[in-house]
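Right, one structure below, let's go through it.
Please treat every number below as a calculation from the coordinates, not as lab data. These numbers come from a predicted model, not from an experiment. Counting neighbours? That spans all protein chains shown, and the Cβs are built from the backbone with ideal geometry, glycine included.
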Amino acid sequence: MSEPAADPASSALVLFSGGQDSTVCLGWALQRFSHVETVGFDYGQRHRVELECRRTIRAALAQPGTLGDGRDGRGALGPDHVLSLDALGLISETALTRETEIAMTEGGLPSTFVPGRNLIFLTFAAALAYRRGIRHVVLGVCETDYSGYPDCRDDTIKAMQVALNLGMETRIVLHTPLMWIDKAGTFALADTIGGQPFADLVIRESHSCYLGDRARLHPWGHGCGECPACRLRAEGFARYRSAIAKEVSP
Ligand code: ZN
């Protein structure tokens, strides 16, 4: 493991899965913090494409002249950490980790639901941030595109911040830049952060599809186009494009 971050106050750790939301969060962090590290979790996801997308996105962001090159006030992209959470895969009887159909459960939650997943991720991320000397932890959870995940709620995250700081006797700050915006707003935020190059990177290289489909490229990105994740992303992109069209011709 490399040397801990020099200045905790200007360092951030981003929970980075390779999905659309966490990719935008990574750009957001590179705009605000001078040193940005990433953490990903490997828990036997049915499709490992997200973990491969992470590598592609990080490599693109570290190129000279992009968000993560550390010049012109932008943050420098630091090390990546991948933590193995095999136990999470073992206890999760869900479509994300097993070859079962994506469906809604009786409780109205998608069958991809892993109970308390973000609580586990945050606990590991905060422990890593502590060890790395990083104060800020960034994650792409959101209440707006409500899909019934109680561990994405604002109150849950705020309670976790209190619990982590009490339990570790530290002062870590949890940031959720996407909490109150929808998928259309996430596309717009990517544009605001890094213009068309970053928006294109998010569209082309971030991954959402539950079926792991990278063969088909749509205007909104790669995916099967049919699963709930693809539909959410496609609908968000359509709203984002129509909002731009209205701005251009009021
Ligand atoms: Zn899909």
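Rounded to the nearest 20 debye, the dipole magnitude of the chain is 380 debye, with +1 charges on Lys and Arg beta carbons, -1 on Asp and Glu beta carbons, and the Cα centre as origin. Which percent, nearest 5, of DSSP beta bridges in the chain are antiparallel? Approximately 20 percent, going by the DSSP bridge assignments.
The distance linking the range 197-250 with the range 20-63 is 18 Å (Cα centroid to Cα centroid, whole angstrom). Quote the Stokes-Einstein diffusion coefficient, in whole µm² s⁻¹, for the chain, based on the Kirkwood radius over alpha carbon pairs, a temperature of 20 °C and a viscosity of 1.002 mPa s. This corresponds to a translational diffusion coefficient of 116 µm²/s. Ellipticity at 222 nm from helices only: DSSP H runs of n ≥ 4 in the chain, each -39500 (n - 2.57), divided by the residue count, give -14000 deg cm²/dmol.
Screening the chain for whole DSSP H helices with an alpha carbon extent of at least 24 angstrom along the helix axis and a mean Kyte-Doolittle hydropathy of at least -0.5 yields 228-248.
With both labels modelled 7 Å from their Cα along Cα-to-Cβ, the A215 to E169 distance reads 5.7 nm.
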